[in-house]
Each structure stands twice: as structure tokens, then as C-alpha cells.
Amino acid sequence: MQQLLLDIRPPAQPELARFVVGRNVELMAQLQTMLEGTAAERMVYIWGAPGSGKSYLLAAWAHACRARGMTVELSGQQAAQAVIADQVEDWNDTQQHAGFAAFNRVREAGGLWLAAGNVAPAELPVMPELQTRLGWGLVFQLHGLNDAEKRAALSQHAETLGFRLEPQVADYLLNHTARDMQSLLQMLEALDRFSLEARRPITLPLLRQLLAGKTDQA
């Protein structure tokens, strides 16, 4: 397999524009009002299953905060104008106490707080005081996309890359690669690069060749 073609790392900088909203319209509206400084509630906790896009969304929102000139803290352990805390279910005792103190300071200062975990606040394996704080603001479940929404998102992204995605290619991607949306988009971009290097249209045989790691052209 050509390393160059399949070097499908996440984009250098996650962008909110690349996040596929799906059924998460209210959450995205809340995050936008926080960026604009018009949100009534400035503390948000997001929970959802692994692979639902939480980490990408938090990174993209952090980038958007920096673009607006805010100071950003990514560990959830220190106060800043915008504090982002991911995977809080994995925090040890020291991190929990630091996060608890940081939450209080951010709230008192009127800053922005965005945290995420795999379960709702009441189910987090953290000290009760931190559970309570994380549930004080708005709590959103991040809903993953269903297959129809993923197909639509893949087709839309293909159009931005300059080609039409055939339904059988989209189906094969969904059935034979990682199913989280960011991995699917990255694989689609790898397929586009492979097509350009091979000087062949994007078809199901080409995708199979890419996934099989073959470098010879049919």
C-alpha cells in the first residue's frame, strides 16, 4: 500500500465547517452563540458514544475560539477565556480536583466551558461534586449520523472535491471501512488522491484496489 496515498491523518486543523451536523442542530446553534458572545448559558457538556465525533468537534470549536482572539485551555485543568475538556471519564483524582476548581473559576469569570465524555454527567466515574458541576449548564447528547445521513454527507463532500460519488462506492465505504464520519471523509479524500495519481475515475474497483493496498493499475 502506498504510504503517501493512505496517509489519511485527520486534517491539520479541524474546522467547524467540516463537522456534519445531522440531528445536532441545537448543539451547534448553542456553540455558535457562545462564540458570538450572545449565549445565555456559557457552560456546556456533550456526551456520546466513541466515534460520534466529540473530539473533532471540541478541537474545531477550540480553533474557532482562537480565531476570535480568545485564550484557550485544552486540558480542563486551568482557567482561560475558553476551556475545553475532553474524555473527562478518564480523569484521575488530581485531574478531577483541578477540573472542579477550573470550572468554578471559569463560571465566576463569565468564561466559556465545553466538556465532553462518553456518558451523561450523572453516570461519570468522577467525584460527585464534579458530576454536579458538569450538569449545571446545558447537556447535549451528540447523536451520530445514520447511514442515510452519512451517504448524503459523503456525496456532498465528494462534490466539493470535484467528483460525483456513485451509490455503490458510498455503500462499500460504509460497509468496509471505519464508520465514524471523520474517518469516512478522510478515506474519501484518500480515494480522490488515489484516483488522481492513477488517472482513473473513482469506481468501486478502484476503491477495492485502494483498500487492498495494490499499486498496480488494472
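Can you name every residue in region 108-130 that is surrounded by 18 or more Cβ atoms within 10 Å (Cβ to Cβ) and not small (Gly, Ala, Ser)? Within region 108-130, LEU112, TRP113, LEU114, PRO121, LEU124, VAL126, LEU130 meet the criteria.
Residue-wise test of (1) buried (at least 18 other Cβ atoms within 10 Å of the Cβ); (2) under 17 Å from the mean Cα position of the chain (by Cα); (3) touching a residue at least 40 places away in the same chain (Cβ under 8 Å); (4) not assigned by TED's automatic domain parsing to the domain that holds SER52.
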| residue | (1), (2), (3), (4) |
| --- | --- |
| ALA153 | yes, yes, yes, yes |
| THR160 | no, no, no, yes |
| PHE163 | no, no, no, yes |
| VAL169 | yes, no, no, yes |
| HIS176 | no, no, no, yes |
| ARG179 | no, yes, yes, yes |
| LEU188 | yes, yes, no, yes |
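Of all residues in region 17-34 being surrounded by 18 or more Cβ atoms within 10 Å (Cβ to Cβ) and at pLDDT 90 or above, which is farthest from ALA80 (Cα to Cα)? By that ranking, first place goes to ASN24.
Scanning region 159-194 for residues that are among the polar types (S, T, N, Q) and either out of contact with any helix residue (DSSP H, G or I) (no Cβ under 6 Å at 6 or more places or on another chain) or closer than 21 Å to LYS54 by Cα (or both) gives THR160, ASN175, THR177, GLN182, SER183, GLN186. Test ARG164 against the criterion of being among the basic types (Lys, Arg) and out of contact with any strand residue (DSSP E or B) (no Cβ under 8 Å at 6 or more places or on another chain), and give yes or no. Taking the combined requirement at face value, the residue satisfies it.
Helices (runs of 4 or more DSSP H) fully within region 70-170 that include at least 3 residues being hydrophobic (A, V, I, L, M, F, W, C): 93-109, 147-161.
The values are calculated or read from the model by the stated rules, or taken from the named source; none is laboratory data. It should be emphasised that the depicted structure is a prediction, and the values quoted were computed from it without experimental measurement. Note that we place each Cβ from the backbone using ideal geometry, even for glycine, and neighbour counts take in every protein chain shown.
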